[in-house]
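Single-structure report; data block below.
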Amino acid sequence: MTGVVVDSGSVVWVDAAEPGEAVAAAGSKIGRLADLHRAGVEVPQGFAVTVDAYRRHCADAGLDPRIDAILAPLAADPAGPSEAEVGTASAAIRELFVTTPMSDALVAEITEAYEELCVRCVDVNVPTAVRSSATGEDAADASFAGIFDTYLGVSGAPRVLDAVRACWGSLFTARALAYRLRKGISHHDMPIAVGVIELIHARASGVAFSVHPVTGKPDRVVIETSWGWGEAIVQGVVDPDHIEVGKTDGRVLRYDVAHKAIVSAFDFADGRVTEVEMPARLADRRVLDDEQIGAVVEAVSAIERHYGYPVDVEWVISRHRRAGDGICIVQSRPVTVTAQEQAPVAYDPVALAQKYVFSGKPVPGR
Amino acid sequence: MANVVPLGEYTGDWYPGYKPEHFDFPYVVDAPSPFKPGDEDAFWFLDFHWSRGLTPLAATLWSADGYCAGTQGASESLPLPPGRGVTCRFAGTHLYGSPIPETDPREIAARANRLGTNLPHFLQNYRSIWEAGRDELEATWDYFRGIDLATVPTAELGTLIRQARRYHKRAMEIHFNVMYPMLVNFLGFYGSCAEMGIDTGLVGKFLQGEDTKIMELDRELYALAVKARQAGLSQVFADNEPGRMREALSAHGGSASQWLTDFDDWLQVWGHRTDATCDVGVPSWIEDNTNAFGNIKTFLMKETDHDFEAAARNALDERDAAIDAARSGLTREEQAVFDGGLAANQAANFPWWQDDHNYYIDLKVMLPLRQACQELADRVGADRRDDMLYLFWPELLDVAAGKPYGGELRSLVTDRRQYFDHWHTRRSEMPKVLGTVPDSVEDPVLIEIFGINPGSLRAVQNPDAANETTLTGVAAARGIATGVARVLQSSDELHRVAPGEILVCESTSPNWTPAFGKIAAAVCDGGGMLSHAAIVGREYGVPTVTAVGIATVAIGDGDKIEVDGTNGRVTILKRAAELAGAGQDTTGQP
């Protein structure tokens, strides 16, 4: 080590990741973002602290043997560890990550990348979303979806570095540990990357599905949205507006305005996004106009076309967006709903009678 | 596990003098009979169409020709893949129906294939099929009308009676051969609407507003009421009971005489109808004017005239608005399915047919037989003109063939009248279901006409039904109303309903329609979205809940209830007894 910052592969930029290597280096979450960028989808600026960087940190800082020492007794118990034992082990490992400093080289490399991000965003200490991006996460088996940490509004290099280490530690949350123990997966087989992504100043955010997430109907886009950042929706703490749009003609089929009691807002004092009470004058107001709905539908449809299978996305409308601009996509993954049977294309009284009257089940709606 | 309601006492004796050969008629799959041991294995539901009970002739002919030839034959010819029509049994004078299941998978598959050919063929040719059947029946009807019974030699009455029965049987073939495919088409459309997220409360609206023969009849009857008002007869109607109205009007003289002449002319056109479905035991309006007068009396109670044209326009506007609202929430692909289903159902419009066919079939099809039986009664010197209706078919043919109507038969008729009256009074205590009760049914007639669904099946098995205060059913016509409940056994009691009260009954049929002009709401044990009460409730804007299952059990006459026709909920707010107690309260508050 010379102390000179070189490209050691610890950082990969969303807009520079090599096709085919993006997911391996940056984890599935950030890898997909890189993928989308190449496909022409509007995504935020940012970079990932790579899987390699995590591996080297664990090896160089001596974390690997200490983690294995904590985990060994859990795996040895044939009856499986108790919830309390898993919780204790999780806390111990996460504490290791918090207290174990990164190498100077890695600190320098991440700091350099963060400063570059500030320049790109024309901001000082640009607020970021620091997101865990595990390998295997968001894959066809979505059991890990949302299991690892995300920190919104992280601003300034020291805080970013802390958040990165906290995300690393979240590979060992009690839930993740218990899951891997149950499935017999080693944490070595699913190393983690961490994305450091420009935090888009959100007027409104939400999720969008290129098929109906419950019925699997492929003829519509389903959108759920609220004011501010999308965390409150993803975590399910706010009842969002629900919108369904026909894919063929882009017509809004329904728009159910919800009473949105909670909003994810940026807390300037604390420097992070947090959940607060929704201002009364916004709670019952319709979030999206038709133009915005159209932009969301266009974005999610383009992503579905790109991958060739149904997707759900998290999207943000920035404060600076004007009508006609695209929508910023912050996350995308395959939809895990099972595909429904082929939808009928014309009225077929015989088929419908067999399905609804002579099926041995009550007629729907009765 | 399916619940079994024991048949208990209902498998005992039947009508005095009954012999099994009295039921020796051709049938398709299963013959009708009184309940017999072993019937517990099937599911039986109390048929609301005949809440008065049925005389021996009415019971045997309807069950044999209507259900066991009509529905079973139609279920074979369409066919219904998993069902073979309806059979029936009697508990006393009360008819219980039962769907006959097809359980052989190979048969079901073969029948499904045949349905695949026959249903589209029916839908493409619906109009000509129905109109040909209707015209055939009208031609036969005209044949009977052309006969002056007084001039028919007694020796030929037997032939006439056989012809009259055959007319009824043929009518039932046509009836069910049209009804089953229409219902299958409707329920398939209904199911797909539900799956597409359409509010199923709207589905009936998509098909409303087409003019029917029964609606025409109602308008003509109303025109008579307007004439009575213009002739200054409102007070006569207000002061007299329907049963004595002709007498009162005759005594009034003057404008009343002219009005009575108009009324009798009107009856010759529109009075060939009974206030019952295919029941030879019930008179036509010509034979008994009471209900015609009663309906006119009801019309005259209302201060303002009913604007039929405005109501019809409103129904069409509502229909179009409902269709637009439903379509706007569908994707283009779904719209293609919806539009196709709507077109098929508007062409073969079940709610329309359900009303219209009653005029051509159900309400008059038994009249030729009834009149021939009355004529025979006159010829053989019977005590009463309806004596023959208390005979079984072979006995009736014997009398027509010249067997003396005396001694034994005559006294049997007396005994059978007593039997009929006894069971008539027991109607309200008849179990709604008997035998092995399933969780749901597949026969379209049971689903749509009888309103049998998982909810109603659960409700009727509730041992504490009489004490329930919150009831649910099919939300048939929107709106909420509160009022005093009038629980009626049959339309014979309609005069008990005062304006603003709530009608509670097993089910309604077209003869109940005028009552919808004065009631605040309606609640029925049976009936689906397209039952008579549902259709008329929507047309008159009367909140209506059908398929409650236990409305006539749980709701007491005089109870104060709330009917929520939007959500299909009925709440008993105060029992009649409490209301009576409150009436004695010094505050005088109701």
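The values are calculated or read from the model by the stated rules, or taken from the named source; none is laboratory data. Owing to the predicted nature of the structure, the values given are computational and were not obtained by experimental measurement. Reconstructed Cβ throughout: ideal geometry from the backbone, glycine too, with neighbour counts over all protein chains shown.
Looking at this structure, is B:Ala276 aliphatic (A, V, I, L, M), within 25 Å of the chain's Cα centre (by Cα) and buried (at least 16 other Cβ atoms within 10 Å of the Cβ)?
On the way: aliphatic (A, V, I, L, M): yes; within 25 Å of the chain's Cα centre (by Cα): yes; buried (at least 16 other Cβ atoms within 10 Å of the Cβ): yes.
When the stated conditions are applied, B:Ala276 passes them.
Out of curiosity, is B:Ala171 crowded, with 20+ Cβ neighbours inside 10 Å, in the same structural domain as B:Pro394 (by TED's automatic domain parsing) and at pLDDT 95 or above?
The answer is yes for B:Ala171.
Restricting to the range B:449-506, give me the number of residues that are in a helix (DSSP H, G or I) and within 14 Å of chain A (Cβ to nearest Cβ).
The qualifying residues number 7.
Of (1) crowded, with 20+ Cβ neighbours inside 10 Å; (2) within 30 Å of B:Ala42 (Cα to Cα), B:Arg486 satisfies all except one. Which?
Condition not satisfied by B:Arg486: (2).
Let's see how each residue does on (1) in contact with a Phe, Trp or Tyr (Cβ under 9 Å, 6 or more places away or on another chain); (2) of a type in the set (D, E, K, R):
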{"site": "B:Val5", "(1), (2)": "yes, no"}
{"site": "B:Asp13", "(1), (2)": "no, yes"}
{"site": "B:His22", "(1), (2)": "yes, no"}
{"site": "B:Val28", "(1), (2)": "no, no"}
{"site": "B:Trp62", "(1), (2)": "yes, no"}
{"site": "B:Leu78", "(1), (2)": "yes, no"}
{"site": "B:Gly85", "(1), (2)": "yes, no"}
{"site": "B:His94", "(1), (2)": "yes, no"}
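When only residues in the range B:353-382 that are out of contact with any His (no Cβ under 9 Å at 6 or more places or on another chain) and of a type in the set (A, V, I, L, M, F, W, C) count, which is nearest to the other protein chains (Cβ to nearest Cβ)?
B:Trp353
Has the range B:190-207 got any residue that is of a type in the set (Val, Ile, Thr), crowded, with 16+ Cβ neighbours inside 10 Å and away from every other protein chain (no Cβ under 14 Å)?
no
How many residues are within 30 Å of A:Thr128 (Cβ to Cβ) and either within 9 Å of another protein chain (Cβ to nearest Cβ) or surrounded by fewer than 17 Cβ atoms within 10 Å (Cβ to Cβ) (or both) when one looks only at the range A:243-268?
Residues meeting the conditions: 3.
Cβ contacts < 7 Å: first residue more than 13 Å from chain A (Cβ to nearest Cβ), restricted to the range B:321-333; second residue in a helix (DSSP H, G or I) and surrounded by fewer than 20 Cβ atoms within 10 Å (Cβ to Cβ), any location; separation 6+ or different chain. Result?
Short answer, once both residue conditions are applied: B:Ala322/B:Leu202.
Would you check if B:Thr93 is touching a Leu at 6+ places or on another chain (Cβ under 6 Å) and β-branched (Val, Ile, Thr)?
Values: touching a Leu at 6+ places or on another chain (Cβ under 6 Å): yes; β-branched (Val, Ile, Thr): yes.
Against the criterion (touching a Leu at 6+ places or on another chain (Cβ under 6 Å) and β-branched (Val, Ile, Thr)), B:Thr93 qualifies.
Against the condition within 27 Å of B:Gln346 (Cβ to Cβ), of a type in the set (A, V, I, L, M, F, W, C) and either in the same structural domain as B:Lys297 (by TED's automatic domain parsing) or part of a loop (DSSP other than H, G, I, E, B) (or both), how does B:Leu224 come out, does it pass?
No, not satisfied.
For B:Phe350, all conditions in the list (1) within 14 Å of chain A (Cβ to nearest Cβ); (2) surrounded by 23 or more Cβ atoms within 10 Å (Cβ to Cβ); (3) free of Cβ contacts under 8 Å to residues at least 40 places away in the same chain hold save one; what is the number of the exception?
The single condition B:Phe350 does not satisfy is (3).
Name the pairs: first residue in the range B:400-428 and outside any loop (DSSP other than H, G, I, E, B), second residue of a type in the set (A, V, I, L, M, F, W, C), Cβ to Cβ under 6 Å, at least 6 apart or on different chains?
Note: pairs meeting the criteria are B:Ala400/B:Leu157; B:Ala400/B:Ile161; B:Ala400/B:Leu376.
What about B:Ala336, is it surrounded by fewer than 21 Cβ atoms within 10 Å (Cβ to Cβ), of a type in the set (Gly, Ala, Ser) and farther than 30 Å from B:Phe25 by Cα?
For B:Ala336, the condition - surrounded by fewer than 21 Cβ atoms within 10 Å (Cβ to Cβ), of a type in the set (Gly, Ala, Ser) and farther than 30 Å from B:Phe25 by Cα - is met.
Here is a check on your reading of the model: is B:Glu408 modelled with pLDDT under 95, among the charged types (D, E, K, R) and not assigned by TED's automatic domain parsing to the domain that holds B:His168?
no
Looking only at the range A:205-221, which residues are outside any loop (DSSP other than H, G, I, E, B) and surrounded by 24 or more Cβ atoms within 10 Å (Cβ to Cβ)? Outline the logic, then answer.
Of all residues in the range A:205-221, those outside any loop (DSSP other than H, G, I, E, B) come to A:205-209, A:220-221.
Passing the criteria: A:Ser205, A:Gly206, A:Ala208, A:Arg220, A:Val221.
So how many residues does the range B:7-28 have that are assigned to a loop (DSSP other than H, G, I, E, B), in contact with a strand residue (DSSP E or B) (Cβ under 9 Å, 6 or more places away or on another chain) and crowded, with 17+ Cβ neighbours inside 10 Å?
Summing the residues that are assigned to a loop (DSSP other than H, G, I, E, B), in contact with a strand residue (DSSP E or B) (Cβ under 9 Å, 6 or more places away or on another chain) and crowded, with 17+ Cβ neighbours inside 10 Å in the range B:7-28 gives 6.
Any chance you could count how many residues in the range A:186-198 are under 23 Å from A:Arg319 (Cα atoms) and surrounded by fewer than 24 Cβ atoms within 10 Å (Cβ to Cβ)?
Total meeting the criteria: 1.
Does A:Val276 fit the bill of being in contact with a Ser or Thr (Cβ under 9 Å, 6 or more places away or on another chain), assigned by TED's automatic domain parsing to the domain that holds A:Ile317 and within 29 Å of A:Val124 (Cβ to Cβ)? Write out each step before concluding.
Values: in contact with a Ser or Thr (Cβ under 9 Å, 6 or more places away or on another chain): yes; assigned by TED's automatic domain parsing to the domain that holds A:Ile317: yes; within 29 Å of A:Val124 (Cβ to Cβ): yes.
So A:Val276 fits the description; yes.
Based on what the data block shows, is B:Pro431 within 20 Å of B:Gly53 (Cβ to Cβ) and either assigned to a loop (DSSP other than H, G, I, E, B) or within 14 Å of chain A (Cβ to nearest Cβ) (or both)?
In short, yes.
Considering only the range A:108-123, state which residues are surrounded by 15 or more Cβ atoms within 10 Å (Cβ to Cβ) and aliphatic (A, V, I, L, M).
Matches in the range A:108-123: A:Ala108, A:Ile110, A:Ala113, A:Leu117.
So how many residues does the range B:278-336 have that are touching a Phe, Trp or Tyr at 6+ places or on another chain (Cβ under 9 Å), modelled with pLDDT of 90 or more and not in a helix (DSSP H, G or I)?
7
Yes/no per residue for (1) more than 14 Å from chain B (Cβ to nearest Cβ); (2) of a type in the set (Phe, Trp, Tyr); (3) more than 39 Å from the chain's Cα centre (by Cα):
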| residue | (1), (2), (3) |
| --- | --- |
| A:Gly326 | yes, no, no |
| A:Ser332 | yes, no, no |
| A:Gln342 | no, no, no |
| A:Pro349 | no, no, yes |
| A:Gln354 | no, no, yes |
| A:Phe358 | no, yes, yes |
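Kindly list the number of the only condition in (1) more than 14 Å from every other protein chain (Cβ to nearest Cβ); (2) of a type outside the set (A, V, I, L, M, F, W, C); (3) over 30 Å from B:Leu434 (Cα atoms) that fails for B:Gly92.
With respect to (1) more than 14 Å from every other protein chain (Cβ to nearest Cβ); (2) of a type outside the set (A, V, I, L, M, F, W, C); (3) over 30 Å from B:Leu434 (Cα atoms), B:Gly92 is out only on (3).
Would the range B:51-70 turn up any residue that is outside the structural domain of B:Ser531 (by TED's automatic domain parsing), outside any loop (DSSP other than H, G, I, E, B) and acidic (Asp, Glu)?
Yes, the range B:51-70 contains a residue that is outside the structural domain of B:Ser531 (by TED's automatic domain parsing), outside any loop (DSSP other than H, G, I, E, B) and acidic (Asp, Glu).
Yes/no per residue for (1) within 14 Å of chain A (Cβ to nearest Cβ); (2) among the aromatic types (Phe, Trp, Tyr):
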position: B:Ala155; (1), (2): no, no
position: B:Tyr167; (1), (2): no, yes
position: B:Ala171; (1), (2): no, no
position: B:Asn177; (1), (2): no, no
position: B:Met182; (1), (2): yes, no
position: B:Leu187; (1), (2): yes, no
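Condition first: out of contact with any helix residue (DSSP H, G or I) (no Cβ under 6 Å at 6 or more places or on another chain), over 18 Å from B:Lys403 (Cβ atoms) and of a type in the set (Ser, Thr, Tyr). Now tell me which residues in the range B:147-185 satisfy that.
Scanning the range B:147-185 gives a single hit, B:Thr151.
Take the residues in the range B:119-140 that are within 14 Å of chain A (Cβ to nearest Cβ) and of a type in the set (A, V, I, L, M), then tell me which one is nearest to B:Ser75 (Cα to Cα).
The residue in question is B:Leu119.
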